[in-house]
Every structure is written in structure tokens, then in C-alpha cells.
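Structure first, commentary second.
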Amino acid sequence: MSNQPFPLMSNKDLPIGIFDSGVGGLTVVAQVMKVLPHEEVFYLGDTARLPYGNKGKDTIIRFSLENGKYLVEQGIKLLVVACNTSSSVALQALQQALPIPVVGVISPGVATAVATTKNGHIAVLGTRGTIASNAYQQAIAAALPSATVYAVACPLFVSLVEEGFLDRQATRLIVQEYLSPLKGSKVDTVILGCTHYPLLRDHVQEELGQHVTIVDAAAACAHAVHDLLVQERLIASSRRQGCYRYFVSDNPEGFRRIGETILGTTIDHVCSDALMQPH
Ligand code: DGL
């Protein structure tokens, strides 16, 4: 007989950690809620320092390491880098520095796009930082060397989503402007390579036409996390109910307001003292 008064907590019972520069990574949480409904999730939005998309590589790596370490200190079993900009430049640094599996959004999004395209003409939309890093372009070339890649930075999309400009004429015009280089191209598959872009999905589809398949990196990432948890025998018991805790480094009210729109559910509490201690 064991001397333990209570059953030992298994690693399966630990939360999944997900971080983003801000609120946008909740598009990944929304997908994780669907695909992994029994998991506990700790989400960190670095709202004090967003946006990451226009910052330099070293800064993004430093912020990402701080975010990852913060969540590891909260006792997570696996880290998801929901931010495409962080995934583009900091994934390797995180994997080297942290003692748990770390999953980014790039590989899952690329795997889905490569499996989807029929003619090898793939477009990726992202922040300036993501596009400048070449991470998507290189990952597509590695997976499908014959592919033609069209990489388009759409920096204003994040602000439009954060302002709640989802169904506005101004948004349609900006989408048209950014996507004009793709009009008349042979692109048949588009990767939404930024946390915020799934909220503009309908505009992108309307602009490029129904013959184009849109790949949401957030959804692809949630499936990759599922597969990894199964493989590592870390998936939570189906007897458990999923639960969610939100941490931010600033502006909890703004986070809650936009976050509830993204998730389509209420956010009861946001802890606003994340990242206060130096890491
Ligand atoms: N989360 C970022 C991304 O997915 C977009 C917002 C930002 O620039 O911080 O690239």
C-alpha cells in the first residue's frame, strides 16, 4: 500500500501553456477548446509589450523566452507558441531553453497547406516580422520544393481586428489593397499566418475567390498539439472538464473585451500581474 495520502498528480493533469503577444492567440485557444475539450489551459498575453510583429528579432526572442519561462513556472506540461511572429523567430530558442515540449504554429500550418494545395502555389499572410523572417517560406520549400510561395505582410490587419473593425468598408478596402498582388495569380491555398487573421477570413475569401482554400494556422496547431499529447501520453482524462486561466501583463479589461469576441464565451477573470518579476 502506498504511503501517499492523496493520489500523486500525473503530468497529464497539468495545464497546457499558450502564449501570444496579446489577445490574438485566443484564436488558438478557441481551437484547443474544440479539439482538446478536457484540457486545462493557462494563457499568457503579453499585452504590455504588443505588438511583436514590427519588432526586431532579438527583442522578440527575449520577450518569448520570458513568456515561456513564466508559464513553465506556473507548472505547465507543454507550451504552445500561438504568436506567429514568435514562432517564426524564437521557436528554436524556446525549445532549447525549456524543459518541456514546445509547439509553434508554423509547421502545422505549412503541413496542412502542403497537403491541401493542388498546384503548389501557396500564399502566406503575416506580420512584417513573420514575413521578413522567411520562416514560412523556408518551411514550405522544405516540405514541397516545387512550391511557388507568395509572402505578403499585412501589418494593418492586427489593428483592424483589435479595433473591432471586422465588418467595415474600410477593412474590405485594406484587404483588397494588401491582397492585390495575389489577384490573377495561380494561388490556390492561403495560410493565415497571424493570430488575428482568422477573424478576417471571410474578407480574404471574398477577395481571392471560392477556388482558394484558406488554411488557419491556429486550427492546424490545435490538431498538432492533440497528436503530440497522444504521442507523449500527456493527454488529459476525458473525465475532466476543460478550464481556462488568463494572465496578461497589462490592460486586463481590453483583453477581456476583445477576448470574449474572439472566444465567443465569457472570460470570468484575468490575472493582470503576469511578467512583473524579471525572468
Ligand atoms: N500575435 C502576432 C502574430 O501572430 C500578431 C500581433 C503582434 O504583432 O503582436 O504574429
Item to check | For 33, 276, order by how many other beta-carbon atoms lie within 10 Å, fewest first | outcome: 276, 33
Checklist entry - Per the helix-only calculation at 222 nm, which mean residue ellipticity applies to the chain, given -39500 (n - 2.57) for every DSSP H run of n ≥ 4 and division by its residues, nearest 500 deg cm²/dmol? => result -13000 deg cm²/dmol
Next on the checklist: Taking 32 Å as the cut-off for C-alpha to C-alpha distance, list the pairs among 55/118; 57/77; 55/77; 77/118 that go past it.
Outcome noted: 55/118; 77/118
Next on the checklist: Quick check: the angle from helix 57-73's long axis to the longest principal axis of the chain, C-alpha only, nearest 10 degrees?
Outcome noted: 30 degrees
Checklist entry - So how much slack lies between residue 183 and residue 10, counting 0.36 nm per residue of separation and subtracting their Cα-Cα distance, in nm? => result 57.1 nm
Checklist entry - What nm distance separates the two modelled labels at residue 205 and residue 34, each placed 7 Å from Cα along Cα→Cβ? => result 1.1 nm
Item to check | Exposure proxy ranking, count of Cβ atoms within 10 Å, fewest first, for 112, 127 | outcome: 112, 127
Checklist entry - Just how large is the dipole of the range 1-125 about the Cα centre, in debye to the nearest 20, putting +1 at every Lys and Arg Cβ and -1 at every Asp and Glu Cβ? => result 320 debye
Checklist outcome for this item: For the range 16-173 (alpha-carbon point model, no solvent) the Debye-based log₁₀ I(q)/I(0) at q = 0.10, 0.13 Å⁻¹ works out to -0.37, -0.64
Item to check | Cα-based shape type of the range 131-240, given that a ≥ b ≥ c are square roots of the gyration tensor eigenvalues and the cut on a/c is 1.5 | outcome: oblate
Item to check | Most positive-pole-ward Cα, 74, 87, 59, against dipole of the chain from beta carbon charges | outcome: 87
Checklist entry - How long is the gain from residue 273 to residue 168 if the chain were fully straight, where each residue apart is worth 0.36 nm and the alpha carbon distance is subtracted? => result 34.3 nm
Item to check | Modelled label reach - residue 128, point 7 Å along Cα→Cβ, the range 78-102 residues with backbone N closer than 16 Å | outcome: 85-86
Next on the checklist: Starting from 0.36 nm per residue, how many nanometres of slack lie between residue 148 and residue 260 once their C-alpha separation is accounted for?
Outcome noted: 36.6 nm
Next on the checklist: So if I place +1 on the C-beta of Lys and Arg and -1 on the C-beta of Asp and Glu, and nothing else carries charge, what would the dipole magnitude of the chain be about its Cα centre? I want it in debye, nearest 20.
Outcome noted: 480 debye
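Any read-out appearing in this document is the output of simple, stated calculations on the displayed coordinates, not a laboratory observation. Computed from a predicted structure; not experimentally measured. With ideal geometry, Cβ positions are generated from the backbone for all residues, glycine too; neighbour counts draw on all protein chains shown.
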